[in-house]
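See below for the structure under consideration.
Derivation of every value follows stated rules applied to the coordinates shown; laboratory data play no part. Fair warning: this is a prediction, and the values are worked out from it, not measured in the lab. Quick reminder, even Gly has a Cβ in these numbers, built from the backbone with ideal geometry, and neighbours come from all protein chains shown.
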Amino acid sequence: MNAIWGKKIVLGLSGGIACYKAAELCRLLIKARAHVQVVMTEAAAQFITPVTMQALSNQEVYTSQWDARASNNMAHINLTREADMVLVAPTSADFMAKLLHGQADDLLSLLCLARPMASCPLVLAPAMNREMWLHPATQRNVAQLSSDGAQVLGVAAGDQACGETGDGRMLEPAEIVQELARVFTAPALLGHRVLITAGPTFEAIDPVRGITNRSSGKMGYALASAAWQAGAEVTLVSGPVSLAAPRGVKRVMVESGQEMHEAVTSCAAQHDVFIATAAVADWRVKDVSTQKLKKTKETPSPVLDFIQNPDILASVAQGARAQSREIYCVGFAAETQDLARHAHDKRLSKGVPLMVGNLGPATFGLDDNELLIVDDRGSRTLPRASKDELAQSLVWEIAQRLPSYLKA
Ligand code: C5P
């Protein structure tokens, strides 16, 4: 289950061209199984029609504080008492200024003011022209609204509808959904810094060829997202994959096992959790040719010498022990048989507290998997689920083990 599942979200739209993105946002929230109640200002209805939002949310849309549909005629109360969140996307500069002063002269501003603050967070996704965004008045309003308890999401930089380029674009709908998941996720890793390796490595043979491992990177990327949603600061060292950087995560792209080793070693000491999901190539070619190896009649197949790549996981665990530094290390064991035995042996040989086993052919490239978690108390299966869900469960499992481990 994702963190948004079953949540009651009031999706408010204030006026701005980014209203067109609110349609897609609504669709994504519905897809994540949220209940979405749309409320639009008069200005928002100039940009996109309530008909569109009603069709997408499958709920009647509210646009006026004088709406007589509710028997008590108090839409601002009725719509917020059961709500888990009010999200205003887009939030215009004008709407922010209004909220700041507690003005309540239309339904959306009225319900933002009337919502129970303790149980119903207010999340704002600003969207405006870059000059409007940078104006001291807007920046003052952002700061004040944040200190009043609203969560003001950032803005993206890029081309704007007005033809200018700069900061002020509304975040993409998928990014907003990730931000909301973070709001709804218990901050089990708050205050922790998590380092994750993901994807395969690529070991060059010559400038046009190389060897690699099978790994989509999906599990490592899902873990990076889940750890960020649980409040951690996350660094993701990734081999070559075609996945987008997860929101909120610092990503470092590398190619070879040696590059991954260097990237990890240079920052491991600043982290207190290390999760190694990468399928690092065990060997690299000893003498990488600087020119393309030519296929000739005399030498139809080249003979390659290999040397072992550093074991990144074992070296991080070992390095921390040597310096009496605490870092909770988690390894992944991809096997084809005897999962429990191999995962157990690997946990001991790498000297790490937690090993996560999975059967390679049952997961390569797929969106779901089944995991076996092995620690010093035994093993437990996390049943087949999506990699996103497994990542959330694993983050929770790690968070449970951290206090005693880091204190020990
Ligand atoms: O020894 P094996 O490759 O099966 O171990 C798998 C675990 O060790 C994974 O967590 C993987 O990311 C990590 N590993 C590593 N560096 C290597 C090889 C594996 O960090 N060179």
**Backbone HN-Hα couplings from phi across the stretch 359-368 [Karplus 6.51/-1.76/1.60, Hz, Gly and Pro as x]** = 8, x, x, 7, 9, 3, x, 7, 9, 10
**Fill in**
Once amide hydrogens are built 1.01 Å from N within the peptide plane, the residues lying 5 or more places from Gln37 or on another chain with amide H under 5 Å from its amide H are Ile9, Val10, Leu11
**Item:** Rg/Rh (Cα only; Kirkwood hydrodynamic radius) as it applies to the chain
**Value:** 1.06
**Asked** Each residue of the stretch 63-78 in order: what ³J(HN,Hα) in whole Hz does its phi give by Karplus 6.51 cos²θ - 1.76 cosθ + 1.60, θ = phi - 60°, with x for Gly and Pro?
**Response** 10, 9, 6, 9, 4, 8, 5, 6, 4, 7, 6, 10, 4, 5, 7, 4
**Prompt:** Kirkwood Rh, the stretch 43-93, all Cα pairs: how many Å?
**Reply:** 12.5 Å
**Prompt:** If the convex hull of the alpha-carbon atoms of the stretch 200-263 is projected onto planes in all directions, what is the mean projected area in square nanometres?
**Reply:** 4.5 nm²
**Request:** Would you be so kind as to identify which of Ser147, Gln46, Gln178 lies farthest towards the positive end of the dipole of the stretch 8-184, taking Lys and Arg as +1 and Asp and Glu as -1 on Cβ and the Cα centre as origin?
**Result:** Gln178
**Item:** Most mobile of Ala43, Ala226, Ala276 in a GNM of the chain (Cα contacts under 10 Å)
**Value:** Ala43
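Let me have the relative contact order for the stretch 193-407, percent, based on Cα pairs under 8 Å that are six or more residues apart. Before the final figure, lay out each step's value.
On the way: 434 pairs, mean separation 43.1, N = 215.
Relative contact order here is 20 percent.
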**Prompt:** Over all Cα pairs of the stretch 193-407, how is the pair count split among 10 Å bins, expressed in % and running from 0 up to the last occupied bin?
**Reply:** 8, 34, 36, 15, 6, 1, 0
**Message:** I need Ser242, Ser289, Ser146 ordered by Cβ neighbour count within 10 Å, fewest first.
**Reply:** Ser242, Ser146, Ser289
**Request:** List the residues whose amide H sits under 5 Å from the amide H of Val254, counting only those 5 or more places along or on another chain, with H placed 1.01 Å from N in the peptide plane.
**Result:** Ser238, Gly239
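What is the sum of charges around Gly217, taking Lys and Arg as +1, Asp and Glu as -1, for the other residues whose C-beta is under 12 Å from the C-beta of Gly217?
Values: positive: Arg214, Lys218, Arg251, Lys387; negative: none.
Here the charged neighbours net out to +4.
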**Dipole magnitude of the stretch 193-407, debye to nearest 20 (Cβ charges: Lys/Arg +1, Asp/Glu -1, about Cα centre)** = 140 debye
**Message:** Please report the spacing between the Cα centers of the stretch 13-31 and the stretch 208-263 in Å, no decimals.
**Reply:** 30 Å
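Please arrange Met253, Met117 by how many other C-beta atoms lie within 10 Å of their C-beta, fewest to most.
Met117, Met253
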**Prompt:** In debye to the nearest 20, how big a dipole does the chain give about its Cα centre with +1 on each Lys and Arg Cβ and -1 on each Asp and Glu Cβ?
**Reply:** 640 debye
**Message:** Just to confirm the number: angle between the C-alpha axis of helix 257-267 and the first principal axis of the chain, 0 to 90 degrees, nearest 10?
**Reply:** 60 degrees
**Prompt:** Straight-line reach from Lys407: which lysines have Cα under 23 Å away, leaving out those fewer than 8 places along the same chain?
**Reply:** Lys350
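Can you give me the orientation-averaged projected area of the convex hull built on the Cα atoms of the stretch 136-251, in nm²? Walk me through the intermediate numbers first.
On the way: hull surface 42.3 nm².
With the hull built on Cα positions only, its mean projection is 10.6 nm².
If you keep only loop residues by DSSP, which GluC sites (Glu not before Pro) in the stretch 158-266 have at most 14 other Cβ atoms within 10 Å of their Cβ? Display every interim value, and only then the final one.
Values: sites: Glu164, Glu175, Glu179, Glu203, Glu233, Glu255, Glu259, Glu262; in loops: Glu164, Glu255.
Qualifying residues, ordered by number: Glu164.
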**Request:** Would you please state the base-10 log of I(q)/I(0) at q = 0.12 1/Å for the stretch 8-184, with intensities from the Debye formula using one equal scatterer on every alpha carbon?
**Result:** -0.49
**Item:** Neighbourhood charge, 12 Å Cβ-Cβ cut-off, centred on Ala333 and excluding it, Lys, Arg +1 and Asp, Glu -1
**Value:** +1
**Prompt:** Considering the chain as a Gaussian network with a 10 Å cut-off on Cα pairs, which listed residue, Gln229, Gln392, Gln270, attains the greatest mean-square fluctuation?
**Reply:** Gln270
**Fill in**
Partner aspartates and glutamates whose C-alpha sits under 15 Å from that of Lys295, ignoring same-chain residues fewer than 8 away, are Asp206
**Message:** Compute, for the stretch 8-184, the length of the dipole vector about the Cα centre, with Cβ point charges of +1 (Lys, Arg) and -1 (Asp, Glu) only. Units Debye, rounded to 20.
**Reply:** 420 debye
**Item:** Calculated [θ] (222 nm, deg cm²/dmol) that DSSP helices of n ≥ 4 give over the chain, each run adding -39,500 (n - 2.57)
**Value:** -10500 deg cm²/dmol
**Request:** Mind pulling the angle between the C-alpha long axis of helix 218-229 and the longest principal axis of the chain? Nearest 10 degrees, somewhere in 0 to 90.
**Result:** 50 degrees
**Complete:** The rounded separation in angstrom of the Cα centers of the stretch 91-131 and the stretch 333-390 is 46 Å
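What number, in percent, do you get for the relative contact order of the stretch 78-156 if the mean sequence gap of Cα pairs under 8 Å and at least 6 apart is divided by its residue count? Intermediate results must be reported in sequence, preceding the final value.
Numbers: 106 pairs, mean separation 29.2, N = 79.
Reported as a whole number, the value is 37 percent.
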**Item:** Summed residue charge, Cβ within 14 Å of Ala70's Cβ, Lys/Arg positive, Asp/Glu negative
**Value:** -1
**Karplus (6.51, -1.76, 1.60) ³J(HN,Hα), θ = phi - 60°, over the stretch 120-132, in Hz, Gly and Pro reported as x** = 10, x, 10, 10, 10, 10, x, 8, 6, 4, 4, 5, 5
**Alpha carbon convex hull of the stretch 241-362, projected area averaged over orientations, nm²** = 10.8 nm²
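Would you work out the relative contact order for the chain, in percent, from Cα pairs under 8 angstrom that are 6 or more residues apart? Walk me through the intermediate numbers first.
Working: 846 pairs, mean separation 45.1, N = 408.
Across the chain, relative contact order equals 11 percent.
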**Complete:** Interchain or sequence-distant (5+) residues whose placed amide H lies within less than 5 Å of the amide H of Asn309 are Trp283, Arg284
**Message:** Below 28 Å, Cα to Cα, which lysines can Lys98 reach? Residues fewer than 8 away in the same chain don't count.
**Reply:** Lys7, Lys8, Lys21
**Prompt:** Helix 387-407 versus the longest principal axis of the chain: what is the Cα-based angle in degrees, 0 to 90, to the nearest 10?
**Reply:** 80 degrees
